[in-house]
1. Between residue 509 and residue 581, what is the spin-label point distance in nm, taking each point 7 Å from the Cα along the Cα→C-beta axis?
2. Considering only protein heavy atoms and a 1.4 Å probe, what is the carbon-and-sulfur percentage of the accessible area of the chain?
3. Report the extension gain between residue 275 and residue 46 in nm, rounded to one decimal, defined as 0.36 nm multiplied by the number of residues separating them, less their alpha carbon distance.
4. Helix-only mean residue ellipticity at 222 nm, the chain, DSSP H runs n ≥ 4 weighted -39,500 (n - 2.57), per residue, nearest 500. What is it?
5. Before anything else, pin down the relative contact order of segment 27-156: Cα pairs under 8 Å, at least 6 apart, normalised by residue count, whole percent.
6. Give me the extension gain from residue 88 to residue 287: residue separation times 0.36 nm, minus the current Cα-Cα distance, reported in nm with one decimal.
7. Are there any GluC sites (Glu not before Pro) in segment 266-370 that are in a DSSP loop and have at most 15 other Cβ atoms within 10 Å? List them by number.
8. Sort out for me the Cα centre separation of segment 304-373 from segment 472-525, rounded to whole Å.
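The values are calculated or read from the model by the stated rules, or taken from the named source; none is laboratory data. A quick note: this is a predicted structure, and the numbers were derived from the prediction, not measured. In this analysis, Cβ positions are derived from the backbone assuming ideal geometry, glycine residues included, and neighbour counts consider all displayed protein chains. These area figures cover heavy atoms from the full protein model, side chains too; ligands, DNA and RNA do not enter into them. Shrake-Rupley method; radii C 1.70, N 1.55, O 1.52, S 1.80 Å.
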Amino acid sequence: MTTTEDPQAGPNRFLGLPHHDPSERYVSNPSPSPGDTVTVEIDVPERSGFDQVMLRTMHDGEGRWHEGTSAAGPGGRGRRWRFELPCHNELVPYRFWCDGAPGPHWLTGLGLLDHDPTDHHDFRLTTTGPIPDWVPETVWYQIFPDRFASADPDKALPDWAVPARWDDPVAEGPEAMTQLYGGDLDGIAARLDHIVDLGIGGIYLNPVFPARSNHRYDAAAFDRVDPLLGGDAALVRLREACDRAGLRLITDLTLNHTGDGHDWFRTAAADAESVEAGFYYWKDHPDDYESWLGVMTLPKLDHSSAELRRRFYDGPDSALARYLEPPFSMDGWRIDVANMTGRLGLIDHNRMVRAAARATVDAVDRSRWMVGEHFFDATADVTGPGWHGVMNYAGVARPVCSGVGNFATLAAMAAGPGQDPRDGEAMGRAMDQVRGALPWQFVLGSMALLGSHDTARWRSMARSDGMAKVGVGLVLTLPGSPSIFYGDEIGLTGEDAEQARTPMPWDDRSRWDVGFLDWYRTLIRLRRSSSALARGGFRWVHRSADGLAFLRESLDQRLLVHATRAPTGPMTIDIADLGVDEIELVGGSGRCDRRDDRLVFDGDGPAFAVWRLG
């Protein structure tokens, strides 16, 4: 996937090295069942100097070696080695031992290494079931329901709400959580034309359950949709409108906590002997209890309660199952704070929760998706059946923002109190660290994103308008299912998460950056039409301080992505290394000249281009 970092090797060091990724191009079945044997292949260029390759895997925790066979590589370039890999356990790690003139090396998810690494970055397959086929092909549009559109702007608001007109500024301080603009589900349904025109494939809604805040993560119930959004009937109408428009639809579920106004919590607080009292962690009933990050309006759930599990997510009578069934027929769930769910001190029910939730989803329909919120290292949460993927802040959002973003706004992305900007080399290494430690299907089943309702707006994070376009290009071409926060496509700004939740300015087109909208529209359509961008593997071609280039390769398509954040000078690549007869610009802008046996790409910047290789 990459190589040992050697600055002396130059930015074009990658194509001359052995390569494997766990995509369909190199693995006969990236989603095997227990007991299957799959074929895995590795390309070894002749100029790499390696002439011996073996495969090492783990069988019940013990290392096993496998010999393979080799034949001429694609186009007669080097050798392609083939191995049979038995898939005995639920997690199937493997790596390649390469030997020859350079001496023995390991090829892992971090690339070619000249030392003995831990198993953490071995390539990985899982036998716990595939992701839904449609997920890698989908570009998501995230909507914060209160702020997108309203079909009933004069609706009565509850006494806790601070009313706001659509063009009022977003409140600061305590009112930020209770300020209501009155967006609703019928308003979203009335604006689907904009979403379809953008090329979007699915809508992700923040929570739709009743609550006492505009974000609705403090749910008061899970058996009904908030009347302020139009109730159950409005969610059904939106589902039907999405079906007509060809759009998927998912919404948000918080398995970690409820609101303190939830029916369960009120019963629990009133009666320490009630069944519901066992749903929460009490320090001193009824006033002292565990909560999310100490926020007392968000009491934390105790998943050791079988009755909680039955009502909430375990089985056909659960709330989770109810919204996957008709008439709602949600295409899946985004799980809020999935990394924290079921975890408290020495207690860790996370695997039990995600396994039960996944079993419920699969029992309804194996084509439904479940994606977890996760800002950090998700490798601990990929064992066993569970989330199909995560919101990939660690592997996409933070690395991209570190290269072309403004760190004054990046702190909201769990980046810590401060961090220096990263160059292209460090940005690439950060991507490798995450992608190389996760099963490939988990990467494809994750959301690739730049921002969300929990971060500053991408246009505010980006260091320039040109870099903003580069970031959009990267998120739409890196592995994963891209997700766009509503309004980012027209260049809305916001320096923090609250200011990012500004209402969509439908009636003020002076705030729309039409050029930026066209950029999104063009690249989204390229993304959705490309098998390589949906399922293709990932291989670095070039990396320098200000430039990146990588390949996305499926069985029937090869694309070269070239991104710069500043002028870099030309990027020169040997035609023999790429194995191309022709090259065509299919996205962005750029120039490529053929000079004898080399391709020379212009080094303008910031710039972004996608090339189809023939």
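1. Simple spin-label model gives 4.7 nm for this pair.
2. 49 percent
3. 75.6 nm
4. -6000 deg cm²/dmol
5. Reported as a whole number, the value is 25 percent.
6. Here the answer is 66.7 nm.
7. 273
8. The distance from the Cα centre of segment 304-373 to that of segment 472-525 comes to 30 Å.
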